[in-house]
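These notes are about the structure you will find just below.
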Amino acid sequence: MENYNHVFHDLETKIIELVENSKSLEELTEIKNKYLSKKGEFSQLMSKIREAQDKKAFGEAFNNSRKNIEEAYTNKFNKLNEEKLNAQLKAEEIDISLPGNNYFRGSENPFYKVKKEIEDIFISMGYTVETGPEVDLDKYVFELLNIPKDHPARDMQDTLYIDNNLLLRSHTSSIQAHVMEEAHGKPIKIICPGKTYRRDDDDMTHSHQFAQVEGLVIDKNITLGDLKGTLELFAKKMFSKDAKVRFRSSYFPFTEPSVEVDVSCFACHGKGCPTCKGTGWIEILGAGMVHPNVLKMSGYDPNVYSGFAFGVGIERVAMLRYGIDDIRRFYQSDIRFIEEFNKKVED
Ligand code: DAH
């Protein structure tokens, strides 16, 4: 049997050397294309079989040689592939000792916190939440609330007029008038949060725009006692478990009798401290029994129906609750300020 190894030997040695010295998978592919593809140099050697006398021996020698090359190729391919993978893993390695991305978590403005809390407290007592227009007719802001055109009480709420008859509402009491009109004599139990406007000079406790929550209950047999119980529950939930309320007689055109409502100081629990200016009491809101004229004007018979109403400043409650000294802070979007609010004064 003839030996044909010599036919392949030189090229085989050369290719194996090239394969072993190749530095990348790309280089390896180039070698494969150049020498081992169908038309590659090595494959072409097979055509010499035509001249060979012992074709079987020639074929065997070719196959041997090809096996050697393929073995070298596969080894190198695996090696380079592994190196590439390791390099990639190293490049993508996550360094868990690095500090993380610092996401900034915003806080809710204490104004909205308190607004929501007030709403929740009254919803839990069966109230529904109503809103009304911020720009409203004189009729709803004043007339239907027993404040006729020349009434001196208008001066206390000097406001911003659009024209003779249209104005920015100076209190949320205007929503009472809308709701009563729409209720057509039926019982009412609502709170109405909303923005209000006055021609005020801005200072630590005044702002030309602020917010109130109005409350209105109309039904048969509603008494001042109901008002007191309701406001005491509100004060307990909002300020302090042991809160008490006290009524001082006052005047509002739309209520009779009218009261200023004080809550026992939640900072000193009534002993007297700077928060309550030594008195043990803090004024929080105005309230009263709905005036018979108001009931009549909106279609309720004052001999059958009675009701109570109250109006509370949201910023005022938030200032007391969180010990905030200046109303303007609510509107200035100072993040350092807004982030402060997770504590009550009593904590
Ligand atoms: N509207 C009053 C104000 O803005 C607050 C107020 C007092 C509302 C007594 C009421 C009330 O409903 O009964 O000063």
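Does Leu145 fit the bill of being among the aliphatic types (A, V, I, L, M) and away from the ligand (no atom under 11 Å from the Cβ)? It is false that Leu145 is among the aliphatic types (A, V, I, L, M) and away from the ligand (no atom under 11 Å from the Cβ). Among the residues of this structure, Ser240 does not count as one that is more than 22 Å from Thr131 (Cβ to Cβ) and either within 16 Å of the ligand (Cβ to nearest atom) or open to solvent by 10 Å² or more (accessible area, probe 1.4 Å) (or both). If you go through segment 257-287 and keep only what is under 37 Å from the mean Cα position of the chain (by Cα), within 16 Å of the ligand (Cβ to nearest atom) and open to solvent by less than 20 Å² (accessible area, probe 1.4 Å), you end up with Val261, Asp262, Val263, Ile284, Leu285, Gly286, Ala287. Here is a check on your reading of the model: is Met156 within 28 Å of Ile188 (Cα to Cα) and within 16 Å of the ligand (Cβ to nearest atom)? Yes: the conditions hold for Met156. When both residues are 6+ apart or on different chains and their Cβ atoms are under 9 Å apart, which pairs have a first residue that lies in segment 198-218 and is closer than 23 Å to Phe234 by Cα and β-branched (Val, Ile, Thr), and a second that is within 13 Å of the ligand (Cβ to nearest atom) and open to solvent by 60 Å² or more (accessible area, probe 1.4 Å)? Listed by first residue and then by second, the contacts come to Thr205/Arg316. Considering only residues in segment 295-333 that are touching a strand residue (DSSP E or B) at 6+ places or on another chain (Cβ under 8 Å), within 15 Å of Lys195 (Cβ to Cβ) and of a type in the set (Gly, Ala, Ser), the one that is nearest to the ligand (Cβ to nearest atom) turns out to be Gly311.
A single entry from Lys79, Lys113, Lys48 fulfils the requirement of being over 30 Å from Met1 (Cα atoms) and open to solvent by less than 100 Å² (accessible area, probe 1.4 Å): Lys113. Name the one entry in Phe234, Phe254 that is within 13 Å of the ligand (Cβ to nearest atom), in the same structural domain as Val179 (by TED's automatic domain parsing) and surrounded by 15 or more Cβ atoms within 10 Å (Cβ to Cβ). Answer to the selection: Phe254. Filter segment 169-199 for residues that are in a loop (DSSP other than H, G, I, E, B) and away from the ligand (no atom under 12 Å from the Cβ); which is least open to solvent (accessible area, probe 1.4 Å)? Filtering first and then ranking leaves Gly185.
The values are calculated or read from the model by the stated rules, or taken from the named source; none is laboratory data. Because the structure is predicted, anything quoted here is derived from the model rather than measured. No Cβ is skipped: glycine too gets one built from the backbone with ideal geometry, and neighbour counts run over all protein chains shown. Just so you know, the surface numbers come from the protein's heavy atoms only, side chains and all, with ligands and any DNA or RNA stripped out. Shrake-Rupley method; radii C 1.70, N 1.55, O 1.52, S 1.80 Å.
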